[in-house]
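K.L.:
Next up is a structure, given as structure tokens.
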Amino acid sequence: MRRVDNPPNPWSSTAVEWLGEAPPVQLVVHEEEARSILAENDSPDLPFRWSLNPYRGCFHGCAYCYARPTHQWLGLGAGTDFERTIVVKQNAPELLRAQLQKPSWTGETIVFSGVTDCYQPLEASYQLTRRCLQVCAEFRQPVGIITKGALVERDVDVLAQLAKHDAVTVFVSVPFADEADARAIEPWAGSPARRLRALATLSAAGVRTGVSVSPLIPGLNDHQVPAILEAARAAGAAHAFHVLLRLPAEVQDVFVQRLREAFPLRADKVLSLLTAMRGGRLNDAQFGSRMRGDGPRWQLMVDLFSRTAKKLGLLPPPGVPATTPFRRPFQQQSLFGADGRA
């Protein structure tokens, strides 16, 4: 059973230290009426401008999740708080509809999601992602999705509608081929096999799909790249990409602790290899280099990925389209007034 365990919050003047054993983690759900739903990205490392996050925090509990520090802005922790204190933006579909109705909106691609997984388990009951996608289908609004949640398979009907207008790409994240390794680092995400099944379902329905082998963790999952790409291609994926492990702020504490607990004999090697790729540090926060590494081991990883992808016919992620299928649905104007008279 997981126990409450959070790195100190740098934005808080106090910290919790348990006098005895820490209590077990309980799921806490906060429902909120959000003021806005689209976040604007200004990072040159990301190929999109707009993202949509129906939730804050993520039940999947991936040790490497770069978004963990965002929970600290809420006065919470980047550790188990991020995994078990989830904020639900109940009015996300209504906010999205209002945004798409604005004359200033031009139909740029919206990515689900930037700092959470839009198909984490709570989505099964709240259906915020599905309802947002239904709004997008109504407007032919282009979307991109990246997820570890096999629940994406549920929405194949809506995604197929968007696919008819070339308005959707779904990337399923599969960093591990080995089920045990995945469970150790991504404890509550669906199994790799289950994610690949969802990928196959979407591909068969005509949805453009891809696989994200991210993060690449030297000495832990880099040797699994060929198996992942081969399985993804067999499931119908047309695209593939990778990102080197990022450990910003308190993510480093969470990941290193989990790594040492799960892989005590491999942890030092993994951290040494990562440090060699990051110029002597575990993390590089600079735009342009934060998602990639340097040095001979990094080049070996890149070459293995590139050669395998090329052999299988997997392409890089599609670029930003020159045109958009976006259009506001026709709203018939009544020829009569509210009282029925001309």
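The values are calculated or read from the model by the stated rules, or taken from the named source; none is laboratory data. None of the values given here were measured: they were computed from a predicted structure. Methodologically, a virtual Cβ is constructed for each residue, glycine included, from the backbone with ideal geometry; neighbour enumeration extends over all protein chains shown.
K.L.:
Please determine whether any residue of region 212-233 is within 25 Å of Leu199 (Cα to Cα), outside any helix (DSSP H, G or I), in contact with a Leu (Cβ under 6 Å, 6 or more places away or on another chain) and free of Cβ contacts under 8 Å to residues at least 60 places away in the same chain. Don't jump to the end; show me each part of the working.
P.N.:
First, the residues of region 212-233 that are within 25 Å of Leu199 (Cα to Cα): 212-217, 220-233.
Keeping just the survivors that are outside any helix (DSSP H, G or I) gives 212-217, 220-221.
Imposing the further condition that a residue be in contact with a Leu (Cβ under 6 Å, 6 or more places away or on another chain) reduces the set to 215-217.
Applying the additional criterion that residues be free of Cβ contacts under 8 Å to residues at least 60 places away in the same chain yields none.
There is no residue in region 212-233 that is within 25 Å of Leu199 (Cα to Cα), outside any helix (DSSP H, G or I), in contact with a Leu (Cβ under 6 Å, 6 or more places away or on another chain) and free of Cβ contacts under 8 Å to residues at least 60 places away in the same chain.
K.L.:
Quick one: is Leu159 closer than 20 Å to Gly206 by Cβ, touching an Asp or Glu at 6+ places or on another chain (Cβ under 7 Å) and hydrophobic (A, V, I, L, M, F, W, C)? Break it down stepwise before answering.
P.N.:
Working: closer than 20 Å to Gly206 by Cβ: yes; touching an Asp or Glu at 6+ places or on another chain (Cβ under 7 Å): no; hydrophobic (A, V, I, L, M, F, W, C): yes.
Here the answer is no, as Leu159 does not meet what is asked.
K.L.:
So which pairs qualify, if the first residue must be in region 304-316 and surrounded by 14 or more Cβ atoms within 10 Å (Cβ to Cβ), the second must be among the acidic types (Asp, Glu), the Cβ gap must be under 9 Å, and the two must be at least 6 apart or on different chains?
P.N.:
Close Cβ pairs (under 9 Å, with a partner that is among the acidic types (Asp, Glu)) amount to Leu304/Asp222; Phe305/Asp222; Thr308/Glu230; Leu312/Glu230.
K.L.:
Ala200 passes all but one of (1) among the small types (Gly, Ala, Ser); (2) touching a residue at least 40 places away in the same chain (Cβ under 8 Å); (3) assigned to a helix (DSSP H, G or I); (4) surrounded by fewer than 22 Cβ atoms within 10 Å (Cβ to Cβ); which number fails?
P.N.:
Status for Ala200: all satisfied but (2).
K.L.:
Now, a different point. For region 61-101, name all the residues that are more than 20 Å from the chain's Cα centre (by Cα) and of a type in the set (Asp, Glu).
P.N.:
Glu94
K.L.:
If Thr116 passes every condition in (1) crowded, with 20+ Cβ neighbours inside 10 Å; (2) at pLDDT 95 or above; (3) under 17 Å from His30 (Cα atoms) but one, which one does it miss?
P.N.:
Answer for Thr116: the failing condition is (2).
K.L.:
Would you confirm, using the coordinates I've provided, whether Leu273 is out of contact with any strand residue (DSSP E or B) (no Cβ under 7 Å at 6 or more places or on another chain) and in contact (Cβ under 8 Å) with a residue 40 or more places away in the chain?
P.N.:
Working: out of contact with any strand residue (DSSP E or B) (no Cβ under 7 Å at 6 or more places or on another chain): yes; in contact (Cβ under 8 Å) with a residue 40 or more places away in the chain: yes.
Yes; evaluated as a whole, the condition is true for this residue.
K.L.:
Looking at region 165-172, is at least one residue surrounded by fewer than 22 Cβ atoms within 10 Å (Cβ to Cβ) and in contact (Cβ under 8 Å) with a residue 60 or more places away in the chain?
P.N.:
Pass one, region 165-172, residues surrounded by fewer than 22 Cβ atoms within 10 Å (Cβ to Cβ): 165-166.
In the following step, the residues that additionally are in contact (Cβ under 8 Å) with a residue 60 or more places away in the chain were identified as 165-166.
Yes, region 165-172 has at least one match.
K.L.:
Another question, if that's okay. Which helices (runs of 4 or more DSSP H) sit wholly inside region 245-325 and have at least 3 residues that are of a type outside the set (Ser, Thr, Tyr) and within 21 Å of the chain's Cα centre (by Cα)? Outline the logic, then answer.
P.N.:
Values: elements: 251-262, 267-277, 296-312.
In region 245-325, 251-262 are the helices (runs of 4 or more DSSP H) which contain 3 or more residues that are of a type outside the set (Ser, Thr, Tyr) and within 21 Å of the chain's Cα centre (by Cα).
K.L.:
Sort through Thr129, Thr169 and tell me the only one that's among the hydroxyl-bearing types (Ser, Thr, Tyr), touching a Phe, Trp or Tyr at 6+ places or on another chain (Cβ under 7 Å) and at pLDDT 95 or above. It would help to see each step written out before you state the result.
P.N.:
Working: Thr169 fails: touching a Phe, Trp or Tyr at 6+ places or on another chain (Cβ under 7 Å).
Unique residue meeting the criteria: Thr129.
K.L.:
Another one. Would you check which residues across region 173-185 are in contact with a Phe, Trp or Tyr (Cβ under 9 Å, 6 or more places away or on another chain), surrounded by fewer than 20 Cβ atoms within 10 Å (Cβ to Cβ) and of a type in the set (A, V, I, L, M) and list them?
P.N.:
Ala184, the sole residue that qualifies.
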